[in-house]
Amino acid sequence: MKKPIKEIGVCSAVLWVLTMALGAGSVCLAQDKVVKVGNIIPLSGPSASVGQQGKNAREMAVEEINAAGGIKSLGGAKLVMLYTDSESKPEKGVAEAERFINTEKVHVLTGCWNSAVTYPTTAVAERYGIPFIVPVSVADKITEQGFKTVFRIAAKDSWWTRDQFAFLRDMEKEFNAKLEKIAFVYENGDWGKGFAEQWKELAKKGDYKVVLDEPYPSTATDLSPIVQKIKRANPDVLLLVSNAADAILLTNTLADYRVKLKAIIGSGGGHADPSFLQAAGKNAQYLFDIVEWETDVNKPGAKEANEKFKSRYGYNLAGESVDAYLAMYVLADAMERAASLDPVKIREALATTNLGSGRGMIVGYDAVEFDKTGQNKHASLVMVQINDIGKGMERITVWPKNARRAGYQPVFPMP
Amino acid sequence: MTRENLQKAFLTLVLIIVFGLPLILRSPTYLHILVLLYLYAYLTTSWNLVGGFAGVLPLGHAAFFGIGAYTSTVLYVQYGVSPWFGMVLGGVLASITGVMIGLPTFKMRGAYFALATIAFGEGMRVMVENIDHLGPFNINGPRGLQIPPLNVGLANLMFTNKEPYYYIILVMLIAVLAVTYFISRSRLGYYLNAGGEEPEAAMSLGVNVARCKLIAMAMSSFLTALAGSFYAQFSLFIHPKSVISLDLSFEIAFIALIGGRGSIVGPVLGALLLRPVSDFSRIYFGATLPGLHLIIFGMVLILVMIYLPRGLQQPLTKAYNGLLNRLDRRSR
Amino acid sequence: MAILELRNLIKAFGGLRAVDGLSLAIEEGQILGLIGPNGAGKSTAFNCIAGVYPPSSGEVYFCGEKTNNQKPWDLCRKGLARTFQIVKPFASKSLLYNVMVGSFSRTKKRSKAEEKALAVLKSLHLDVKKDMNSGNLTIADRKKLEIGRALATEPRLLLLDEVMAGLRPTEVDEMVAVIRNLRDSGITIFLIEHIMRAIMALSDRIVVIHYGKKICEGTPKEVADDERVIKAYLGEDYGVS
Amino acid sequence: MVFILEDTINGILMGSIYGLTALGLTLIFGVLKVINFAHGSLLMVGMYVAYWAVTLSGAHPYLTLILVIPVMYLFGYYLQDIVIKPIFKAESEVREPITVIIVTTGVWYVLDNLTLLIFGPHYRTIQENPLRGKMLELGGMLISVPKLWGFSAAVLTAAAVYLFLQKTSMGRAIRATSLDREAASLMGIKQFKIYNIAFGIGTATAGIAAVTLVPFYNVFPTVGVLFDIKGFIIVVLGGLGSIGGAILGGMIIGVIESVGPQFMAATWAEGIVYGLFLLFLFVKPSGLFGVRYDW
C-alpha cells in the first residue's frame, strides 16, 4: 500500500513545474518612463454594466491626456492603463491589487465601484503606500478608515442622503406642498443599508413619518410583493436604492400597479444606468434621481465631452463615468505637480490637489480638493427629473436651483 | 535505489521545494496566488472526506467556511480573542452544524443531497445577510466585517508579509493531507468508501454507513471552518457574498472532480490546474474582452471532464508510476 | 438450540404481503435451503432477517435473541452475514479492499484486517487476483467475492442469496464444494437457490414458499416428491439448468 | 382579506412561470438522471432569442413561439449531443454521473459570458409590445395580464409535455429510458437519441418560459442565475422528474414570495423559502409527486 505516497509524489511534480512557470513569468521588463495606472473594476458578472462605463470613460480621458503630451514634468510620460476584472468579488480585487502593485509595479490604483471590493483593496494599497483614487464607491467608511493613500472623487453616502432630504425640503417650499409620509426601499447590501441608516436619522430630524422601511434582495425575480407593500403603506415620498435590473423591474411594476406617489427619488446606481431610461421608458417619467453629474450641466466642455463619449460608445456619460473621467485628470494634475514616480510624492501631490479647471473639470462644482481623510471636499450632487419635453425621455437637472436647466419647470408633486 | 527510496527521495525533494519557495519567489503577488492555491487545495481536501470518500456531492461547504470566518472575526474584532482560539471554536460550531445538517440529508440519494446542501448554504447566506446583531455579537448583515490591521503577530494570526501566511497554510495543507492519508488507510476510510459505493452491501458487512458519514461530515466541516478563519485573517475583510457564496461551494467541488474525487492528491492536482487557469486567464484576458476569462474557465471544465472523467489524477499517477518503474529498472 | 428462528413472519408493502406468516428454524451447523418461484418472497424474508427492513409482524430470533428491529451492522457483529442476489462489489476497489471491509468488523487494526482478508481470499482461491479491480471480475468470481466478504466478518450464520445464478455447470460444482467446506468449518448456512441440482445436493432440509407462505418443508427427497411443490413450479423442471 | 387574495393570485401566476422555467430541469433530470446546472443559461439564451425575435419582427411576443421553440429544441438537442453525451459514454456504468454537473456548470459559464461578450452588459426590455403593463381589474384587485398569459402557457405546456410522454410512442420510449435505461436499450430504444430529444424538449420548455418572461422582464447576460436556484428548489419540492410537481412547486414558491413579504421583510421571505425547502426535504424528501426510492 504505497499508493498514497506515490500520489503525493505526483502532486509535487506538478507543483514543481508550475512554480517554475510562475518564476519565469515574474521577470520584469525594463520600460520607458510611463505612469502605470491599475484599474480594478467589475467587467463581468452582475455589475458588468457599470464597470464597462467606467472603463470607457477612463480610456477616453487617458487618450486625451496622452494626446496632449502626457505628463510634461516627467518628460511627456504617458499614462498607461491596466485593467482587471474584479467580478464584483473582494477576493479577486485583493489578488489583483497585490499583482498590480508587486508585479506590474503600478504607480496608482483606481477602482472598484463595489464598496465590498473597495474596502479590502484600499487596505492593500495602504499597506504598500500606493495612492488609490476611488472615483465612485460611496460608503462613508471608505475614507474613514484612517488610510493615508485613499482619495475619493465622488460624494460619500451621508452627503447623498443629506442632499436628497435637502432637495425634498426645497421642493416642498418651492411648490408649497407638504409631504409627510415617507417610505424607504433599498437593495439589501452594503450600499442600500448604508443609505437606509442615514435616511432614518434624517427623516426623524425632518419630521417625516416613516411608513415603510423595506430591504429587498437585488436578485429578486418578482418585485410585485414589494410594490404592493409600497402601495398599501401609501407614502407620499419613496426613496430608493437599486441596482440596474431591479431598478427597471421596480419602476415598471410600480407603474403596472398604478401606485400613486407624490415623489420617487432614486440614488443613482441602477437608476442612472444608461439602460434604465431605455428599459423603463414612460414608466420612469417624473422620477427624481440624485447624481453627481448630468448631460445638461452648465459647464464649459461638458457638452463636447458627452458628445464625444456618446459617439464612441453609444450612450451618455453618467455620474459614475464622469467621476472616472475626472479621476484621470485629477491624477494627471497630481503627476504633473509631483514630477516623480515615487508613490510618496504622488500621494503628497494628490493630497494638495486643487483642480479648478481643465478639460476634466466638467462637473458641476468648482474644484477638486481633498480633505484630511481623502474625501473630495467640493463634491456635490444634483437632482434630476426624468421627463419628456419633446425629445423623448431625458434626464433634466432641477436642483440645486442655480443648476436647473434653463426654462424647465419641475413637475412636483407627481401628477 | 529501490522504489521505496525513490519515492521517499521524491517526497523529500518536493517538501524542500515547497518550503524553500518563498526564498526564491520573492514576489508577494505570486505568494498571494500560491496562498490561495494552497487554501483551495486544503478546502478541497477537507471536502473530499465527505465528497470523495463518502461518495456524496455536498455543494454547501461555503456555509462552514463562513462559520469559521465569522466566528473568529467577531470574537477577535469585538472581544479581542485570539483568532487561533476563534478558529478552533468556529471549527467546533461548524462541526455541530455539519452533523445537524448531515443527520437528515445523508438519508437522501445523489441529486437530492446535492440540492439540499445548496439550499443549506444559500439559506445560511440569506440568514447572515438578514441579521445585523446576533445576541451580543455584531455580524453586520450584508455589509460584512473588517479586521483592522493592527497588532500584527503570530498570536493574532496577522502579518504584514505574505511569507508567514504561506507557511501557515502550507503546514495546514500538509496536515490535512496527512489526516486524509491516514483516514484512507484506517477502518473509517474503508467504511466510508464502502458505504459510498454500495451502502447496502456495506451495512451487511457491519458498516453503520450513516454514522460513518456523520463522522466524516463532522471532520470535514471542522477542517473547512479552520480555513475560513485563516482566510478572514488573510484578507481582513469578510462579507456574506464572498465567504458564504455558492461560487465558493461550487469551486471546491470543481477542483475535487477535476483533480479526481476520492484520491488523496486529486484536490491538490485540481487546485494546481484550476486556480492558475482562473487567475491567469483573468490577468491576461480579463480586461481585453469582458467575460472571456470565464469562457476559458468554463471550456477547461468541459474539456477536462470529457477527456478525463476520472480527473487529472488518473493519467498523472500512471505517468508517475511509469517514471518510477523506469528509474527503478535503470538503477538495478 | 436453533440458531435462527422465524415465528409467523409477515412483511407487507402497502397491500401486498411479500412474506405471509412464515415460520421456520435452522439448527446450528445445518444447511437449510429456501426455494420458491420468482416473487415468492424469498429475498424479502432474507432482508427481514438481515435487518434491512423490520418485519410488519411476527418475530425473528437469532441465537435466542429477538432481533426484529436491529440494524444490519449490529446483526453482522453478532455473527450474521449475507450475500446479495445482485452482487454489490465495491467496484472501483481491489478484491483485497473489498474483503478487508468485512474483516474490519472484527478488528480495528489494519494489519490484522489485511491478514484475515488474505486468509479468506486464499481459502476461496482468489488470492492471485487480490489486487485486481473487483469491477473487472467474472460473474463467478464476483459471487465468490461476495461470499469472501461475508466470511471475513466471521459469521455464525451465513445467508446466501442465489450465489449460483448465472454460473456455468463446472462453476456450480466448485461453488457447491465451497459451501460444503464452509459448513464443515462450523458455519450454519441458509441459502436461496434456483438451481435445483445444487440445492438438492447441499441442503439438509428445504423450505418451499409460494406467495409468501410456506407450502412445504422437509428433506430434499420429501420436497421433491411433494405435489404442491411441483404445482408451484409448474413448467420448471428440476434437475436441469 | 382582499390583499391576501390579490397577493396569492399574483403568487400563483408568477409561481406557475417559475414552474415553467423549472419544467425542463425536472424533465431532463427524470430522463438523464443529472442536474442540469446550465438550465438558467438556457433560459437566458431563450430570452435573447425571444427578445430579438419580438424586437426585429414587432410581432406579438407569443407569436415568436413559432421560432423560439424549434430554435431552442435544436440548441438543446445538439448541446446534449456534442457536449454532454461524451460524458455518459465515458461513465456508462455510473448511475448518476456527477461529472455531468461540472460539465453543465462549464456550459453555464460559457453561455453567460459569451452572451456578455456578444450583446454587452446592457439591460433590455421590449418597450412596445401588446402585453406590456397591461393589468386586469377585478373587484379592486389588479392582476397582471402578461403573467396571466404566462400562467396559461405554463399550464398548457405542462399538460402538453405530460400528454406527449403518456400518449405518443416517442413519449413512451422516453419514459422507458427514464425508468431503466439498460432495459430500454435492450428493447431497441436508442438511449442517446432519447437523451438528445429529452434535452431538446427540456430546452424548448425553457424557451417557452423565456417567451412568457420577455414581455415584462429584463433581458441581460446573468438573468438565468436568478432563476437557477429557484428552479432547483422547485423541482425538489415537486418531486424530481414530476411534470405537475414542477408547476405546483413553482406556485408554492410564488405564493410564499408574494404573500410572505406582507408579514415580514422581503429578504426574510427569501430565507423562508430555503427553510421550508429544507424542512420539506427532511419530512418528505421525495417531494410532492416524486417516487419514493427510485431517484
### Task
Treating the angle as unsigned and between 0 and 90°, give the value, to the nearest 10°, between the Cα long axis of helix D:2-32 and the longest Cα principal axis of chain D.
20
## Note on the structure
Computed ³J(HN,Hα) along segment C:75-83: with the Karplus parameters 6.51/-1.76/1.60, θ = phi - 60°, integer Hz and x for glycine or proline, the list is 4, 4, 5, 7, x, 10, 10, 8, 10
#### Entry: Built amide H within the under 5 Å cut-off of A:V134, gap 5+
A:F151, A:R152, A:I153
### Query
What are the residues of segment C:50-98 that lose 40 Å² or more of accessible area, with a 1.4 Å probe, going from their chain alone to all protein chains?
C:W73, C:R77, C:F84, C:K88, C:F90, C:Y97
#### Entry: Those residues of segment B:144-184 for which accessible area with every protein chain present is at least 50 Å² below the isolated value (1.4 Å probe)
B:Q146, B:Y181
### Share of Cα-Cα pairs in segment D:119-233 lying beyond 16 Å, as whole percent
71
### Message
Need the per-residue list for segment B:279-299: every residue with at least 50 Å² less accessible surface in the complex of protein chains than in the chain by itself, probe 1.4 Å, sorted by number.
### Response
B:R282, B:I283, B:A287, B:P290, B:L294, B:I295
#### Entry: Protein accessible surface hidden between B and D, which excludes ligands and nucleic acids, total in Å², probe 1.4 Å
3800
#### Entry: Between 0 and 90°, nearest 10: helix C:110-123 axis offset from chain C longest Cα axis
60
### Query
Roughly how crowded by other chains is peptide D:277-283, in terms of the mean Cβ count from those chains within 10 Å of each of its Cβ atoms?
5
### Query
Given the pairs C:K78/C:K108; C:K78/D:K284; D:K33/D:K193, which are separated by over 26 angstrom at their Cα positions?
C:K78/D:K284
### Task
Work out the mean other chain Cβ neighbour count within 10 Å for the residues of B:104-115 and drop it here as an integer.
6
### Message
Highest mean first, how do A:309-316, B:213-220 rank when packing is the count of other Cβ atoms within 10 Å averaged over residues?
### Response
B:213-220, A:309-316
### Query
Considering the Cα trace of the protein assembly as shown, what is its radius of gyration and what is Dmax, both in angstroms?
34.4, 115
### Partner chain coverage, peptide D:10-17 - average Cβ within 10 angstrom
2
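Which value, in Å to one decimal place, does the Kirkwood hydrodynamic radius take for segment D:16-224 when every pair of different Cα atoms is included?
Hydrodynamic radius (Kirkwood, Cα only) of segment D:16-224 equals 17.8 Å.
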### Message
Skipping prolines and chain starts, which residues have an amide H placed within reach, meaning under 5 Å, of the one on A:H378, given they are 5 or more residues away or on another chain?
### Response
A:E369
### Simple spin-label estimate for B:T160 and A:D388 in nanometres, 7 Å along Cα-Cβ
6.2
### Query
How far apart, in nm, are the 7 Å Cα→Cβ label points at C:D127 and B:L289?
6.4
### Message
In whole Hz and in residue order, list the ³J(HN,Hα) couplings for segment A:78-95 that follow from phi through the Karplus curve 6.51 cos²θ - 1.76 cosθ + 1.60, θ = phi - 60°; x for Gly and Pro.
### Response
8, 7, 10, 9, 10, 10, 8, 9, 7, 6, 6, 10, x, 5, 6, x, 5, 4
### Task
Enter the buried accessible area of the A/B pair, total of both sides, probe 1.4 Å, in Å² rounded to the nearest 100.
5100
### Query
Using the heavy atoms of the protein chains alone and a 1.4 angstrom probe, what is the accessible area of the protein assembly as shown per residue in square angstrom?
36
### Query
Taking amide hydrogens as modeled 1.01 Å from N in the peptide plane, which residues meet the under 5 Å criterion relative to B:M158, leaving out close sequence neighbours?
B:G153
### Message
I need the peptides C:113-124, C:171-182 ranked by packing, meaning the mean over residues of other C-beta atoms within 10 angstrom, with the highest value on top.
### Response
C:113-124, C:171-182
### Query
How high is the relative contact order of segment C:1-135, in percent, with contacts defined as C-alpha pairs under 8 Å that are six or more residues apart?
20
### Summary
Here the relative contact order (percent) of segment D:16-224, from C-alpha pairs under 8 Å and at least 6 apart, is 47
### Query
According to the Cα gyration tensor, what semi-axes, each the square root of 5 times an eigenvalue, does the equivalent ellipsoid of segment C:1-129 have, listed from largest to smallest in whole Å?
31, 17, 14
### Message
Report the A-D buried area as the accessible area lost on both sides summed, probe 1.4 Å, in Å² to the nearest 100.
### Response
3000
### Pairwise FRET efficiency - D:S185 versus C:N8, Cβ, R0 = 45 Å, nearest 0.05
0.55
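Quick check for me: using +1 on Lys/Arg Cβ and -1 on Asp/Glu Cβ, what's the dipole size of the protein assembly as shown about its Cα centre, in debye to the nearest 20?
My answer is approximately 2020 debye.
Mind ordering A:373-381, B:41-49, A:174-182, D:155-163 by average Cβ neighbours within 10 Å, highest first?
B:41-49, A:373-381, D:155-163, A:174-182
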### Message
Between helix D:223-238 and chain D, what is the angle of the helix's C-alpha long axis to the longest principal axis, kept within 0 to 90° and rounded to the nearest 10?
### Response
70
### Task
With θ set to phi - 60°, apply the Karplus curve 6.51 cos²θ - 1.76 cosθ + 1.60 along segment B:263-275 and write out the HN-Hα couplings as whole Hz, x wherever there is a Gly or Pro.
9, 6, 7, x, x, 5, 5, x, 5, 5, 8, 6, 4
### Segment D:I4-D:A59, extension gain: residue separation times 0.36 nm, minus the distance between their alpha carbons
16.2 nm
### Summary
For the protein assembly as shown, the percent of accessible surface on carbon and sulfur atoms (probe 1.4 angstrom, ligands and nucleic acids excluded) is 60
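The values are calculated or read from the model by the stated rules, or taken from the named source; none is laboratory data. Model, not experiment: these values are computed from the prediction. Positions of Cβ are generated from backbone atoms using ideal geometry, with glycine treated the same way; all protein chains shown enter the neighbour counts. For accessibility, only protein heavy atoms count, side chains too; no ligands or nucleic acids. Shrake-Rupley method; radii C 1.70, N 1.55, O 1.52, S 1.80 Å.
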